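Structure first, commentary second.
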Amino acid sequence: MGGEPNSARIGGEELTTEKRPELVKGIGLFGAISVVAGTMIGTAIFVVPSRMLQLVGSPARVLAVWVFAGALSLCGALGYAELGAALPKAGGEYVYIYRAYAPWLGFLYAWTQFVIAKSTSIAAIATGFVLYLSYFFPQLASPFWQRQASFAGHAATFSLTGLQIGAVAMIALLSGINVLGVRRAGVVQTLFTASKLLVLAVLIILGLALGKGSFEHFSALSPASLHPGWLAAFGVATVSALWAYDGWNNLSMVAGEVENPQRNMPRALILGTVVVITVYVFVNISYFYVVAPSNALGTQTIAADAARVFLGKAGGAFIAIGVMISTFATLNGSILSGSRVPYAAALDGLFPEPIASVHPRFRTPAVSIAAQAVIASLFALTGQYDALYTKAIFSEFLFYALVTAGIFVLRRREPALERPYRTWGYPVVPGIFVLLAVVLLANTVFQQRTDSLWGLGLVGTGIPVYFLWRLWQRRKGRG
């Protein structure tokens, strides 16, 4: 367990100067597929179809959005497959951006993920798990601790609920499992991903077999479908679908721990994404077969409404359990993947050095996992994460576009780089992804200007931090 030579790294390339513990390659093909599918399938598939129907006006168009967004995600996954096989290093997107562009841009990505995007996402997922657990234990939603205080003559009430405490407990539990070894985390991910796929399979099979619905629902049109701005609404609905598909990129962050990454990275990215696209399309067919469009427009719990049709009162409990299973796997995958980004940045000297340490026994980035857990827990305790996470989503696709464009940059700059897998359909497939990503970003700016500007602002907060960090390192003689 003493480790291999590896003390420093520049843009993903390791410089051998001394022995230190290294991450262990403990994620096999099925574990890798589970990271892809398990982090993609979260709570969104249980709720967003109704919102999408409100935007585009018909179930048929909702299905078209799912197929379009799935194809776009697959184009992105095909590009990431080339980068993951060529640069199978911990940190994924951080490594690609650093290598293709510049250290400061790599830092901005790592900063955004570590301090805002991934941490608020983990807080939101953990809270969502406990929220659905409160379906069975309503007391979790009640205040656990409450205190009043006065500041400058203004009274304020501070309280903690079971939701907040439970979310912190979930973050601590799964962070602990991840510290104990990547193999253990991978087994947990595989088991719970299989369970959530089973839940969705039940929704599909029983919905179509026992739902007593009608396929005529798919030809129904609402007044919104005739609105001249429906194409822009299609774009907004696509963003909702892309949120549901989000997560296919997470495997790249743990590429350094994937067994035979040159072979398994491309296979897992492509197979995992295709599985999720197929499941999403069929579960939406089941939803709208069972639930009439007029009813679907007026609900925010379409999955529960559909389940009640063929399971009666037990339908609500079934969906609650399904969402808990889904969020558990998503939370585990997010903690597993997210912690590798600050670890990789610290190896390059862009984050504090202790974050780059590897546990000598468990061979995991324990300090990075713990630091991520602390930030996520603070967000969970304060409850101030929903708005930040929503605003940070814009930055996600901004970085997706940069990473995929990096394929073109690296093919030109480093033609001799070994590429065990080359993107199918290059340059058309990655070009389509970058183009459509830019179009979606522009549409988001036009349709949701405030959130978009906030998203750019959140990313921009890393610029002064980067230069201050570099200045401090130069003064310490490390730059």
Selection status of Ala401, within 17 Å of the chain's Cα centre (by Cα) and within 18 Å of Ala69 (Cβ to Cβ): yes
Conditions (1) modelled with pLDDT under 85; (2) over 21 Å from the mean Cα position of the chain (by Cα); (3) surrounded by 19 or more Cβ atoms within 10 Å (Cβ to Cβ); (4) of a type outside the set (Asp, Glu): number failed by Leu440: (2)
Selection count where residues are under 19 Å from Leu378 (Cα atoms), in contact (Cβ under 8 Å) with a residue 60 or more places away in the chain and surrounded by fewer than 21 Cβ atoms within 10 Å (Cβ to Cβ), scope region 169-199: 1
So Thr404, is it part of a helix (DSSP H, G or I), out of contact with any Ser or Thr (no Cβ under 7 Å at 6 or more places or on another chain) and farther than 25 Å from Tyr101 by Cβ: no
Exclusive hit being among the small types (Gly, Ala, Ser), farther than 30 Å from Val439 by Cβ and not in a helix (DSSP H, G or I), set Gly298, Gly256: Gly298
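Conditions (1) among the aromatic types (Phe, Trp, Tyr); (2) closer than 27 Å to Ile45 by Cα; (3) free of Cβ contacts under 8 Å to residues at least 24 places away in the same chain, marked per residue:
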| residue | (1), (2), (3) |
| --- | --- |
| Ile325 | no, yes, no |
| Asn332 | no, yes, no |
| Ser339 | no, yes, no |
| Pro342 | no, no, no |
| Ala345 | no, no, no |
| Pro352 | no, no, yes |
| Arg363 | no, no, no |
| Ile369 | no, no, no |
Selection within region 425-479 - in contact (Cβ under 8 Å) with a residue 40 or more places away in the chain, assigned to a loop (DSSP other than H, G, I, E, B) and of a type in the set (D, E, K, R): Arg478
Qualifying positions in region 325-382 - buried (at least 24 other Cβ atoms within 10 Å of the Cβ), over 27 Å from Tyr98 (Cα atoms) and of a type in the set (A, V, I, L, M): Ala329, Ala380
Residue under evaluation Ser294, criteria (1) more than 23 Å from Phe114 (Cα to Cα); (2) modelled with pLDDT under 90; (3) in contact with a helix residue (DSSP H, G or I) (Cβ under 9 Å, 6 or more places away or on another chain), criterion not met: (3)
Among the residues listed as Val35, Val62, the single one being β-branched (Val, Ile, Thr), out of contact with any Gly (no Cβ under 8 Å at 6 or more places or on another chain) and modelled with pLDDT of 90 or more: Val62
Number of the exception - Ala320 against (1) small (Gly, Ala, Ser); (2) crowded, with 24+ Cβ neighbours inside 10 Å; (3) modelled with pLDDT of 90 or more: (2)
Residue that is at pLDDT 80 or above and outside any helix (DSSP H, G or I), where the choices are Lys196, Lys212: Lys212
Meets criteria (free of Cβ contacts under 8 Å to residues at least 60 places away in the same chain and either more than 23 Å from the chain's Cα centre (by Cα) or assigned to a loop (DSSP other than H, G, I, E, B) (or both)) for Gly315: yes
Residues located in region 287-310, provided they are among the β-branched types (Val, Ile, Thr), within 28 Å of the chain's Cα centre (by Cα) and either surrounded by fewer than 22 Cβ atoms within 10 Å (Cβ to Cβ) or closer than 15 Å to Leu55 by Cα (or both): Thr299, Thr301
Qualifying residue in region 104-124 (condition: within 24 Å of Ser452 (Cβ to Cβ), modelled with pLDDT of 90 or more and basic (Lys, Arg)): yes
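Conditions tested, residue by residue: (1) surrounded by 15 or more Cβ atoms within 10 Å (Cβ to Cβ); (2) out of contact with any helix residue (DSSP H, G or I) (no Cβ under 9 Å at 6 or more places or on another chain); (3) under 30 Å from Thr120 (Cα atoms); (4) not β-branched (Val, Ile, Thr).
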{"site": "Asp386", "(1), (2), (3), (4)": "no, no, yes, yes"}
{"site": "Ser395", "(1), (2), (3), (4)": "yes, no, yes, yes"}
{"site": "Leu398", "(1), (2), (3), (4)": "yes, no, yes, yes"}
{"site": "Ala401", "(1), (2), (3), (4)": "yes, no, yes, yes"}
{"site": "Thr404", "(1), (2), (3), (4)": "yes, no, yes, no"}
{"site": "Phe408", "(1), (2), (3), (4)": "yes, no, no, yes"}
{"site": "Arg412", "(1), (2), (3), (4)": "no, yes, no, yes"}
{"site": "Pro420", "(1), (2), (3), (4)": "yes, no, no, yes"}
{"site": "Thr423", "(1), (2), (3), (4)": "yes, no, no, no"}
Residues within region 43-77 that are surrounded by fewer than 24 Cβ atoms within 10 Å (Cβ to Cβ), among the polar types (S, T, N, Q) and within 29 Å of Gly92 (Cα to Cα), tallied: 1
Those residues of region 466-479 which are at pLDDT 90 or above and over 13 Å from Tyr109 (Cβ atoms), in sequence order: Phe467, Leu468, Trp469, Arg470, Leu471, Trp472
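The values are calculated or read from the model by the stated rules, or taken from the named source; none is laboratory data. For clarity, every value in this text was computed on a predicted model and none was experimentally measured. Cβ sites come from the backbone with ideal geometry, for glycine too, and all protein chains shown count toward neighbours.
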